[in-house]
Structure formats: structure tokens, C-alpha cells
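Below is one structure, written out as C-alpha cells, with a few remarks after it.
Read-outs: derived from the displayed coordinates by stated rules, not from any lab. Quick caveat: nothing in here was measured; it's all calculated off a predicted structure. Heads up, the Cβs are rebuilt from the backbone with ideal geometry, glycines too, and the neighbour counts pull from every protein chain shown.
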Amino acid sequence: MRAEKTASPRPPVRPKPARLRPVRLRPVRRKAVRRNRRLWGLGLILAAAAVMAGVKGLDKWVADTVLPVTLAETSTEVLDRNGTLLRVYPVGNGIWRMAPQLDQVDARFLAMLTAYEDKRFYSHAGVDPIAMLRAVGQALWNGRAVSGGSTLTMQLARLLEDGSTGRWAGKLRQIRLALALERRLSKQQILALYLTHAPYGGNIEGLRTASYAWFGKAPNRLTPSQAALLIALPQSPERRRPDRALPAPAMARDRVLARLAAAGLLSAAEGEVASQAPLPRRMRSFPRLAPHLSDRVVASRPAASRLSLTLDAQVQAKMQRLLAQAARRAGPRMSAALLAVDHQTGEILASVGSPGFTDSTRQGFVDMTQARRSPGSTLKPLVYGLSFEAGLVHPESLIHDGPVEFDGYAPQNFDGQFRGDIRVREALQMSLNIPVVRLTREITPAQLLASLRRGGAKPALPGGKPGLAISLGGIGTSLQDLVQIYTGIAAGGQAPRLRSEQSGPFEALPRILSPVAAWQLGDILRGVVPPPGARAGRLAYKTGTSYGHRDAWAIGWDGQHVIGVWLGRADGTPVPGSLWR
């Protein structure tokens, strides 16, 4: 019998020990350590504040707070008759900081700002414990700062003192200032101060300044995309500047849009459209309309922060373009000036002192509405009007145009021709020299000079004593003076004094002509061949050229307006081939 072999048991298989890979521990960065320390410090500050809230000394601690100066210097603004910005001036340190006007800021923007930055702004006392605790909790959970806990009031406190947000002492100071600010100022005042000091990149501070600088308009009609960018910019104004073509501006704007959509202030469609809107690629220049007049008014009232002029911004802009085109056509060194007024009220509607304020080749910095130049033939209507009033002649009277000499003075017509007996109407329309000198001798140069001064002009008289040549331009006067005289003629012989400020009083000047004489002048000058593009019989106007073709003038009026134009060189050199006689 064969014995069976008994199978010997196999030794158990031992599993191979798992190969342990070394775990790489990420080194803790010093910056993160500092951040966490700051967050813990913030927590301690909150805890301390909570303790202090129950202490009677809190009230005294806040009451004894010394506030920084809140009345910061703001840019002087010059506005037109409708509130449109004409000119703005930087403050002393070169910063553009326009004063806010909350009533002219889009209410939706203010709602978006508070919803994103400080949703309990109107209910807290300067510090929002809920927001700060949330910020600390999120930071501890994520290991980094996720959101801030500063209120708009705390941000204002930092801006007023230019303080740090990272140091415990700085944060505590902001809390104390915020509590004190809330006690002494209203919510509207705090919001206005924040919107005055908030930085928006470069030397731009304040919402209104930023809206003009980045979008060229006031903040009363911002799109959601524009509003979101202006909400995001103050938190990191240099890194988020849209003119630096970096992704940060678009990312910051879109983050604001997303949160506002989540809060229900924007629809999903509005947020999507706004996120696709292009960002500005450059910072715009501020308006520079009527720079010469603005400079004069600001210099006369240096303490005023906002000046309202009688000008119309749209009319002013068109006239500036018109003068620039005319000067370019006239030649490289030519300058020009224009003044448009309402002869019923004396309000200046447009004032252009040169074709380009910064054009040095044309001496654009010189205000040629104020420069005294020879008026050429533009004083002839006043001579005829005074002669009508004195009963010397009538528009249909005959006057002799022939060779004449007065004590060695022998005037000549511009073309050297003589026309014999001619009607006064035609003599004025043809701007003949000899007839008007005859009449000047009758009414006397002194009476003509007195009439000019009575009408609001301030003529400069070479030699001190007026002569017969005064009626042909032998006197110095400005474009504004001439427009003032013509305003008197257009207004029936008595004009209001020209004024450029809306706050200026209405002042009626003494009468220079009778209503009949003023009407007769208008009737004669409306019979002159009209300029190109004008309808016959609608515009009464007179042209003139000074001796040596240094100055060319044209002044006219209709039922409401007087416009005067000067063309020449600012340095007074002759301009051969002048357009007008």
C-alpha cells in the first residue's frame, strides 16, 4: 500500500513594503506669515474694539479724536450758461481734483458703489463688525485675504491721512477716525468726501475728475461698464489703469459687474453686455473752451471755486473751430479773434481770443479780443449816426466826394478815386473816406471820442488830442470795445454793458444814438452786399482795414446778436493782400 504524500503548507507571501515617497512640504512664505499675523492682529483689534464698546471710555476716546483737514483744495471750474464744463484748473500740487456734486451723480452709480464696497454704509456707525469678522474668517479659512472689511468711512479716513492699512496701529487709527467722522458728518458728507479724494490713477482724484479724464463726460450718465471701472479703480489705481493695456482693469471691472449682478443691481444681460464693452485706452484732456476769458475771470476772482459764465459751450466750440480754420487759410503767422454777444442782454455767448491757445507760432496765448489795435473803417457808422442825430445829413442827402484838405491833412479814398456828389447811404456802404472826414470835422473829433467812451469803449489816443483821422482808424481800440459800440447801435442806440458772468448785474450804458439814427444805420448797412452764404437784407455789417493792412475787421448784427471778428498778426506786422477794406 502506497502511502500518500502530505502536501507541506506554503509559506505565506509577504507583501512588499510600499515605497514611500517623500512628502514635499511647501515652505511657508514670509509674506503669508506677515499676512496671517496682520489678520490675527485685525481679529485682536476687533476683540479690543468689542471690549471697548462696553467701556464708558469709548465715547470719550472717539470724542477726543483729532480729525484731519477735510476741506481739501479742489480744482477751479468754469462752466457755461447750461452748466457744461468749459475749463478746469489743477490744484497747487498739480493734482486734478474736482469737487463732487452728488445731485449730479447718477443715483445708480451710488447704489452700485455702496453695494460693492460697503453694503451697510447707511446703517453702521463707521465700522462694520460683520464685514470685518467675515473678512478675518475668510482669510483664515483660505490662508489669504479674500475680501476687505474696511467701510467707505474707514477708506476715507485712510485717504485723509494717507495712512497705511497693513499696520495694526494704522488700522486702529482708521477705526477711531471712522467713528469720529460718522459722529460729526452726515452720510452724504462722508460720501462726498470719499468721492473727492478717491484716487483714479496718475494725478486724478475724485469721481467727477475721473469721469471726465477716462470718459470725457460728467458722472451723471455712466454706463454700467464705466461705473464698474470707476468703482474698481480706487482700490488699486495704478495697477488697474485702463491706459496700460493690462488684464487687471478688465478683470477688476468684471469682478464688480459679477457681484452687482449677484446683488440684483444688474440683470444678467446687462452684466454680459457691460463685460464686453471696450475700456478707454488713454486719459482724455480736460475741456479747454474759452481759455483766455476763463483765465481773466479766474484771475479776477481767485477765491471762487466754481464760476458760471454766460457763454454757450456748443457755440464756443464751433466758433473756436471756425477761427482756427480761418487762420490756417490766411497764413502761418496769422491770428484771429471773435466775440459773439446778445445785444438785448449784453451776455457774451462766445469769446475766442486766438486760433489756438497753445500755438506759439501764432502767439496764441495773446488774447486778441482785448488787444488795442487800429479799428480802420469800423468807426464810420458811429460818425454817420452822430451826424444824423445832429441833423447835418440824412441817408438820402448828397455829400461831395472830392479832393479836400484840412490844415494840411488830405484824406484819400482806398482806391484813390473821387465820385463827386453821392448819397450818404452810398458813401457809407462804399466806405468812402473823404465824406466821413468831412462829417467828423462838423461833429468834431472830441464829440466822437466822447461818444465812444459813453458807449463803454476805452480808446487809446496817440498824442492825447483827437484829430480828424480818428474816424479812419487813428485810435487804439479792442475788439470787445468795438462790439460794445455796435451793441449800442443794434439795440437802438442804448446798450447793456457786455458781461461774461451770469452773476453779473445788468447795467444799461448811457445812450450814444437816438433810436431813429440807430435804425437808419441798420437800414443802410443791411443794404451792403451780404457775405457768402448770408441772405440779403438780414445782416447789417461793416468791414474795415487798418493802415498798412495790419488789422482786418468785420462786425455785424441781426435782430438779437452782434458778432465781431478780427484777423491779423498778433505782433502787429503788416499783412499784404488783406481780405477786407
With the dipole of the chain defined by +1 on each Lys or Arg Cβ and -1 on each Asp or Glu Cβ, the option from 343, 273, 394 whose Cα lies farthest towards the positive pole is 273
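Across all directions of projection, what mean area in square nanometres is found for the Cα convex hull of the range 478-560? Provide the component values of the computation, followed by the final result.
Numbers: hull surface 27.2 nm².
Computing the convex hull of the Cα atoms and averaging its projections yields 6.8 nm².
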Pairs of lysines in the chain (C-alpha under 24 Å apart; 8 or more residues apart or interchain)
13
So what is the 222 nm mean residue ellipticity for the chain from helices alone, if each DSSP H run of at least 4 adds -39500 (n - 2.57) and you divide by all residues, rounding to the nearest 500 deg cm²/dmol?
-12000 deg cm²/dmol
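Using +1 on the beta carbon of Lys and Arg, -1 on that of Asp and Glu, and nothing else charged, what's the dipole of the range 307-424 about the Cα centre, debye to 20? Provide the component values of the computation, followed by the final result.
Numbers: 11 positive and 12 negative charges, 147 e Å.
For this selection, approximately 700 debye.
For the chain, what is the charge dipole size about the Cα centre, in debye to the nearest 20, if Lys and Arg each add +1 at the Cβ and Asp and Glu each add -1 at the Cβ? All intermediate terms of the calculation are to be shown ahead of the outcome.
Details: 79 positive and 42 negative charges, 1112 e Å.
Around 5340 debye, computed over the chain.
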Find the relative contact order for the chain and round it to a whole percent, using C-alpha pairs within less than 8 Å whose residues are 6+ positions apart.
12 percent
Extreme residue, positive dipole direction of the chain, given options 219, 539, 466 (C-beta unit charges):
219
Quick one: give the max-minus-min coordinate of the C-alpha atoms of the range 529-581 along each principal axis, largest first, in Å.
35, 19, 16
Arrange 62, 341 by Cβ neighbour counts within 10 Å, fewest through most, would you?
62, 341
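Averaging sequence separations of C-alpha pairs under 8 Å and six or more residues apart, then dividing by the length of the range 173-296, give the relative contact order as a whole percent.
On the way: 125 pairs, mean separation 27.2, N = 124.
Relative contact order, the range 173-296: 22 percent.
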How would you rank 128, 254, 407, going from fewest to most other Cβ atoms within 10 Å of each one's own Cβ?
407, 254, 128
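Give, rounded to the nearest 20 debye, the magnitude of the charge dipole that the range 388-455 has about its Cα centre when Lys and Arg contribute +1 at Cβ and Asp and Glu contribute -1 at Cβ.
Numbers: 7 positive and 9 negative charges, 55 e Å.
Charge dipole, the range 388-455, about its Cα centre: 260 debye, nearest 20.
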Mind checking the angle between helix 291-300 and the chain's longest principal axis? C-alpha axes, 0 to 90 degrees, to the nearest 10.
90 degrees
To the nearest 10 degrees, how steeply does helix 152-161 sit against the main Cα axis of the chain, on a 0 to 90 scale?
70 degrees
Filter the GluC sites (Glu not before Pro) in the range 226-313 to those in DSSP coil with at most 12 other Cβ atoms within 10 Å of their Cβ, and list the result.
238
Could you pull out the trypsin sites (Lys or Arg not before Pro) across the range 500-537 that fall in loop regions by DSSP (anything but H, G, I, E, B) with no more than 12 other Cβ atoms inside 10 Å?
535
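Which loop trypsin sites (Lys or Arg not before Pro) in the range 246-319, with loop taken from DSSP, have no more than 10 other Cβ atoms within 10 angstrom of their Cβ?
Working: sites: 253, 255, 259, 281, 282, 284, 288, 296, 306, 318; in loops: 281, 282, 284.
Hits after loop and neighbour filter: 281, 282.
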